[in-house]
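**Q** Got a structure for you, written out below as structure tokens; questions coming shortly.
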Amino acid sequence: EAQVTQNPRYLITVTGKKLTVTCSQNMNHEYMSWYRQDPGLGLRQIYYSMNVEVTDKGDVPEGYKVSRKEKRNFPLILESPSPNQTSLYFCASSLAPSSYEQYFGPGTRLTVT
Amino acid sequence: TQLLEQSPQFLSIQEGENLTVYCNSSSVFSSLQWYRQEPGEGPVLLVTVVTGGEVKKLKRLTFQFGDARKDSSLHITAAQPGDTGLYLCAADREDQGGKLIFGQGTELSVKP
């Protein structure tokens, strides 16, 4: 089954404790991205990757890091989480950016206290 | 500044009613997509429109892309409780190398 998986689905952590949210896709997609979803703001892109070892900032990259060492994996790293990073996070993949269908993971709900 | 404005943000209607959701911008887009998101899940693509003036139908859903490719609408005929969810429009900016941006969403509730 074609899918994007994220782990963990839920995470409660404290300010400053480094964390990683994993994302993996099995569709051989070139393009992957991370979004955060906040009430009234829709989905905002954090980082995206056009291919292995190629990543770029989205609209809200501050406080986040990513890496793309393998085509299928695109982890999101929060080196020092802060309460304003409490949000619902989605990983997505597609054949290419723009008009191609984005396949989304199930989401990771992060709470930083 | 929200580059894609969706309206209304919330909509609560009775089963059988019709509704329209709007997605507007001052920017020109290469294409526009509509997604539907249910609680606890990621968004799922409904349709992509790419040509100005294009109309696409998906059962009781009708999607239209504005002639100038700056706006779009989603019309649902005879809404059903199963249509309940968050509807998101997304568009790629011609001046941003194809990066996708999302509207803030329309939360639709259809009561039986």
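The values are calculated or read from the model by the stated rules, or taken from the named source; none is laboratory data. Everything quoted here is computed from the prediction, not taken from an experiment. All Cβ positions, glycine included, derive from the backbone under ideal geometry; neighbour counts span all protein chains shown.
**Q** Mind counting the residues in segment B:1-56 that are hydroxyl-bearing (S, T, Y), within 12 Å of the chain's Cα centre (by Cα) and more than 9 Å from every other protein chain (Cβ to nearest Cβ)?
**A** 3
**Q** Still on this structure, I have one more. Exactly one of these conditions fails for B:P43: (1) out of contact with any strand residue (DSSP E or B) (no Cβ under 7 Å at 6 or more places or on another chain); (2) closer than 29 Å to A:T108 by Cα; (3) modelled with pLDDT of 95 or more. Give me its number.
**A** (1)
**Q** Quick one: which of A:G16, A:G40 is more than 9 Å from chain B (Cβ to nearest Cβ) and either of a type in the set (K, R) or surrounded by fewer than 21 Cβ atoms within 10 Å (Cβ to Cβ) (or both)?
**A** Within the list A:G16, A:G40, the selection yields A:G16.
**Q** Let me ask you something else. Between residues in segment A:16-28 that are touching a residue at least 40 places away in the same chain (Cβ under 8 Å) and residues that are among the basic types (K, R) and in a loop (DSSP other than H, G, I, E, B), which pairs lie under 7 Å by C-beta distance while being six or more apart or on different chains?
**A** A:S24/A:R72; A:Q25/A:R72; A:N26/A:R72; A:N28/A:K71
**Q** Still on this structure, I have one more. Restricting to segment B:66-77, count the residues that are within 14 Å of another protein chain (Cβ to nearest Cβ) and modelled with pLDDT under 95.
**A** 1
Residues checked against (1) at pLDDT below 95; (2) more than 10 Å from every other protein chain (Cβ to nearest Cβ); (3) surrounded by fewer than 15 Cβ atoms within 10 Å (Cβ to Cβ); (4) not in a loop (DSSP other than H, G, I, E, B):
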residue: A:D56; (1), (2), (3), (4): yes, no, yes, yes
residue: A:P81; (1), (2), (3), (4): no, yes, no, no
residue: A:A96; (1), (2), (3), (4): yes, no, yes, no
residue: A:P106; (1), (2), (3), (4): no, no, no, no
residue: A:T111; (1), (2), (3), (4): no, yes, yes, yes
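**Q** Here are some residues: B:D71, B:D67, B:D83, B:D92. Which one is among the charged types (D, E, K, R) and out of contact with any strand residue (DSSP E or B) (no Cβ under 9 Å at 6 or more places or on another chain)?
**A** Sole residue among the options that is among the charged types (D, E, K, R) and out of contact with any strand residue (DSSP E or B) (no Cβ under 9 Å at 6 or more places or on another chain): B:D67.
**Q** Taking B:L61 as the residue in question, decide whether it is under 27 Å from A:W34 (Cβ atoms), more than 14 Å from chain A (Cβ to nearest Cβ) and either modelled with pLDDT of 95 or more or touching a Leu at 6+ places or on another chain (Cβ under 8 Å) (or both).
**A** No; evaluated as a whole, the condition is false for this residue.
**Q** Something else about it: For segment B:1-57, what are the residues that are without any contact (Cβ under 8 Å) to a residue 12 or more places away in the chain, part of a strand (DSSP E or B) and either basic (K, R) or farther than 19 Å from A:R36 by Cβ (or both)?
**A** B:V55, B:K56, B:K57
**Q** Spot the failing condition for B:E107; the list is (1) modelled with pLDDT of 95 or more; (2) within 14 Å of another protein chain (Cβ to nearest Cβ); (3) within 18 Å of A:S99 (Cα to Cα), and only one is missed.
**A** Among (1) modelled with pLDDT of 95 or more; (2) within 14 Å of another protein chain (Cβ to nearest Cβ); (3) within 18 Å of A:S99 (Cα to Cα), B:E107 violates only (3).
**Q** Right, another one. Look through A:S94, A:S98, A:S67 and report the one residue that is touching an Asp or Glu at 6+ places or on another chain (Cβ under 7 Å) and free of Cβ contacts under 8 Å to residues at least 60 places away in the same chain.
**A** The match here is A:S98.
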